[in-house]
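Notes to accompany the following structure.
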Amino acid sequence: MRIMLLGPPGAGKGTQAATIEKSRQIVQLSTGDMLRAAVAAGTEVGLQAKSLMESGSLVPDELVTSIVSARVDEPDCANGYLLDGYPRTLGQAAALEDILAAKGQALDAVIEMKVDDDQLVKRIVGRFSCGKCGAGYHDEFKKPKVENTCDECGSNEFKRRADDNEETLRSRLMAYYKETSPLIGFYTCKGNMHSVDGMGSIEAVQQEISALLDKLGS
Ligand code: ADP
Ligand code: ZN
């Protein structure tokens with residue numbers, strides 16, 4: 001299955017992607033994670049992306065598209081993949097159509113996660129992740145089971161994203177509404193658009209997505 005998760009920052013895409021990856025055996029492709037890794041490694045791509053990401057702006061379409069295009073050719077994507085954070089503009093969506101068409105493929109489902117702005121701010125400001133394995137946590141909504149210890153790998157090191165503050169979030173939200181939300185219309189026209197209520201608990205959203213994927217798969 002090839003799935004895409006669509007929604008503003010903090011909607012819960014990364015959280016749900018981690019579950020889908022495990023339960024459906026398809027790999028999660030987060031362009032945000034790939035770009036942050038490039039920034040940390042100081043690669044050419046990372047240097048181009050760094051300041052744009054820090055200010056909450058989008059990186060150029062060609063840059064992310066070339067990353068995704070190479071990534072979906074890798075063997076672990078043969079079984080399907082889950083796009084998290086790409087495409088983010090109509091230009092990227094058109095580029096993705098070309099990438100898929102060249103392989104005779106299509107997206108099976110685009111899943112929009114709907115969450116109110118006030119809730120997005122709460123989720124983003126309390127978000128942190130494991131410094132070792134990347135597992136996601138939240139000060140209020142998803143604390144590690146044992147304080148200061150990652151549930152997945154036992155690490156005691158955690159990190160917070162530089163752009164996860166209220167000020168940068170406002171720019172990221174503006175970018176989402178301006179550049180990304182038009183994709184809802186694009187995929188509605190294509191006929192593979194589905195929406196889920198992202199305001200519920202992590203488990204409730206998980207169940208709604210799972211029921212949707214079961215329905216599409218059968
Ligand atoms: P995105 O990938 O869409 O930016 P995340 O999955 O990182 O969003 O979620 C943002 C924060 O909100 C995380 O800290 C996560 O633990 C928390 N979160 C995700 N989904 C929910 C939910 N349904 N209810 C409460 N908190 C959530
Ligand atoms: Zn961990």
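The values are calculated or read from the model by the stated rules, or taken from the named source; none is laboratory data. Predicted model, so just to flag it, every value in this text is computed and none were measured. Heads up, the Cβs are rebuilt from the backbone with ideal geometry, glycines too, and the neighbour counts pull from every protein chain shown. For accessibility, only protein heavy atoms count, side chains too; no ligands or nucleic acids. Shrake-Rupley method; radii C 1.70, N 1.55, O 1.52, S 1.80 Å.
So, residue 43, is that one in contact with a Leu (Cβ under 8 Å, 6 or more places away or on another chain) and either open to solvent by 20 Å² or more (accessible area, probe 1.4 Å) or not aromatic (Phe, Trp, Tyr) (or both) or not? Break it down into steps so the answer makes sense when it comes.
On the way: in contact with a Leu (Cβ under 8 Å, 6 or more places away or on another chain): no; either open to solvent by 20 Å² or more (accessible area, probe 1.4 Å) or not aromatic (Phe, Trp, Tyr) (or both): yes.
No: the conditions fail for residue 43.
Results for (1) open to solvent by less than 50 Å² (accessible area, probe 1.4 Å); (2) over 20 Å from residue 173 (Cβ atoms), shown as yes or no for each residue.
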position	(1), (2)
57	no, no
64	yes, no
67	yes, yes
74	no, yes
86	yes, no
95	yes, yes
99	yes, yes
108	no, yes
The conditions are (1) more than 17 Å from residue 13 (Cβ to Cβ); (2) part of a helix (DSSP H, G or I), and residue 57 fails exactly one of them. Which is it? (2)
Scope segment 22-40; condition part of a helix (DSSP H, G or I) and open to solvent by less than 50 Å² (accessible area, probe 1.4 Å); matching residues: 31, 32, 34, 35, 38, 39
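Which residues, counting only those in segment 86-128, are away from ligand 2 (no atom under 16 Å from the Cβ), hydrophobic (A, V, I, L, M, F, W, C) and in a strand (DSSP E or B)? Steps first, answer last, please.
First, the residues of segment 86-128 that are away from ligand 2 (no atom under 16 Å from the Cβ): 86-126.
Still in the list and also hydrophobic (A, V, I, L, M, F, W, C): 90, 93-96, 99-102, 106-107, 109-111, 113, 115, 120-121, 124-125.
Matches in segment 86-128: 109, 110, 111, 113.
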Test: residue 52 is part of a helix (DSSP H, G or I), away from ligand 2 (no atom under 16 Å from the Cβ) and open to solvent by 40 Å² or more (accessible area, probe 1.4 Å): yes
Name the pairs: first residue in segment 1-21 and charged (D, E, K, R) and open to solvent by 10 Å² or more (accessible area, probe 1.4 Å), second residue assigned to a helix (DSSP H, G or I) and away from ligand 2 (no atom under 16 Å from the Cβ), Cβ to Cβ under 8 Å, at least 6 apart or on different chains? 2/100
If the Cβ limit is 6 Å and pairs must be 6+ apart or interchain, which residue in segment 114-129 that is more than 16 Å from residue 171 (Cα to Cα) pairs with which residue that is within 8 Å of ligand 1 (Cβ to nearest atom) and among the aliphatic types (A, V, I, L, M)? 115/11; 115/199
